[in-house]
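Enquirer: Okay, handing you the structure first.
The values are calculated or read from the model by the stated rules, or taken from the named source; none is laboratory data. This is a predicted model, so every value here is computed, not measured. Because the Cβ atoms are built from the backbone with ideal geometry, glycine has one as well, and the counts that use them run over all protein chains shown.
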Amino acid sequence: MEGKCLQTTVVGSYPFPGWLEFSMNHIDQFGPADREELLNDAVSVAIRDQVAAGLDVITDGEQTRIDFNLSFYSFIEGIEPESASVRLFGPPAHDQRGKHQITGELRAPRGLGVLAEFERLKRLAPAGPRLKASVPDPYTLSGRLIPNAEYPDRYAVAEALLPFVQQELAGLVAAGCVEIAVDAPSMSCYAYREDQKRLTELFNRTVEPVVGKCRLSMHLCFGNYKGRAVGPRQYGPMFPQFLEMKVDEVHVEMASREFSELELIAEIGKRRDVAVGVVDVKSYYIETPEDIQKRIKRCLQYVSPERLLLAPDCGLSQTARWASRLKLANMVEGARRVRKELGL
Ligand SMILES: [Zn+2]
């Protein structure tokens, strides 16, 4: 990592303002120009909150993605929503999201929309913080598509989606994007029961065209839809295999897991920068700057300040905006204090 030690960063998403959610439920009453204004305003607000917190790296808050996976599916041809298995009542969880049936050849002639998101971010962001775009890896992207005769299993679906993701990555680099996060939560959630080598190989083929052309990071968490995890929350099954993935930075979820397996970051830090989740996005306990200082120091027992970045455990989309603001500001302040204390 170049320059400043203990940089502060985020995983893509930021909570939607209430008015954005309300408007999305009444979007048919908006004209195209109104919609454009709505999305610009939403991204501007997400940028403003992140800049006010003092982060070194910011995103567009994924304000134009209404659902992490499903919003990409609106760009994919050859699929149709299927609602038969959706649970409508009871405690909120991932099984309340619809799946899609594959009904034809999978195509994405208009891309996946990430390039337009990045152009909007570039247009609206102030000079200063580094701008990060995020794309899901094909295995994660395949998560809500039901395999069929043509695409017989999840890997076959992922293979079909791989060129779409690749095209998006190449487009981002051509547009001047210097940092791209490849979000791979499905790889981390299901690594325990999958062939980790196969996942690594799939990931590396996906990013190959942009390796060395931008800073690549990957986010490995255990799920956060409606604030719920979906995998056994252990990194053990992923490492050391996942260190073969061709990225510059590996992000791990630690705060919500009370820093279990923290020693693993020493292994990661030998080969990659490591972004540690020091903010629990699932808890409404607001970490104080002192908490953050202590957590950073625990991390520094395993990895040098040049290699260490600080982040929340996951995107903040499932955390109320007031809490997200406070958590980010305290994270930045905690990092500043440690930098000062260590004379960095
Ligand atoms: Zn996550």
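Enquirer: Kindly list, by first and then second residue, each pair from a residue in segment 153-166 that is among the charged types (D, E, K, R) and modelled with pLDDT of 95 or more to a residue that is part of a helix (DSSP H, G or I) and crowded, with 19+ Cβ neighbours inside 10 Å, limited to pairs with Cβ atoms under 6 Å and residues at least 6 apart or on different chains.
Expert: Note: pairs meeting the criteria are R154/S142.
Enquirer: Taking R87 and the conditions (1) surrounded by fewer than 18 Cβ atoms within 10 Å (Cβ to Cβ); (2) within 16 Å of the ligand (Cβ to nearest atom), which numbered condition does it fall short on, given that it satisfies the others?
Expert: With (1) surrounded by fewer than 18 Cβ atoms within 10 Å (Cβ to Cβ); (2) within 16 Å of the ligand (Cβ to nearest atom) applied to R87, the lone miss is (2).
Enquirer: Which condition number does H219 fail, the rest of (1) in contact (Cβ under 8 Å) with a residue 60 or more places away in the chain; (2) within 14 Å of the ligand (Cβ to nearest atom); (3) assigned to a helix (DSSP H, G or I); (4) not small (G, A, S) being met?
Expert: (3)
Enquirer: If you don't mind, another one. Filter segment 5-59 for residues that are part of a loop (DSSP other than H, G, I, E, B) and either without any contact (Cβ under 8 Å) to a residue 60 or more places away in the chain or among the small types (G, A, S) (or both) and give the result.
Expert: G12, N25, H26, F30, G31, G54
Enquirer: To continue, here is another question. Residues L106, L112: which one is surrounded by 15 or more Cβ atoms within 10 Å (Cβ to Cβ), modelled with pLDDT of 95 or more, on the phi < 0 side of the Ramachandran plot and part of a strand (DSSP E or B)?
Expert: L106
Enquirer: State whether the residues of segment 186-195 include one that is away from the ligand (no atom under 16 Å from the Cβ) and not in a loop (DSSP other than H, G, I, E, B).
Expert: Initial filter on segment 186-195 (away from the ligand (no atom under 16 Å from the Cβ)): 192-195.
Next cut, not in a loop (DSSP other than H, G, I, E, B) only: none.
No, there is no match, as no residue in segment 186-195 is away from the ligand (no atom under 16 Å from the Cβ) and not in a loop (DSSP other than H, G, I, E, B).
Enquirer: While we're here: Tell me which of these M1 doesn't satisfy, since it passes every other one: (1) more than 19 Å from D313 (Cα to Cα); (2) at pLDDT 90 or above; (3) surrounded by 13 or more Cβ atoms within 10 Å (Cβ to Cβ).
Expert: (2)
Enquirer: Among the residues of segment 228-243, is there at least one that is surrounded by fewer than 16 Cβ atoms within 10 Å (Cβ to Cβ), within 17 Å of the chain's Cα centre (by Cα) and within 12 Å of the ligand (Cβ to nearest atom)?
Expert: yes
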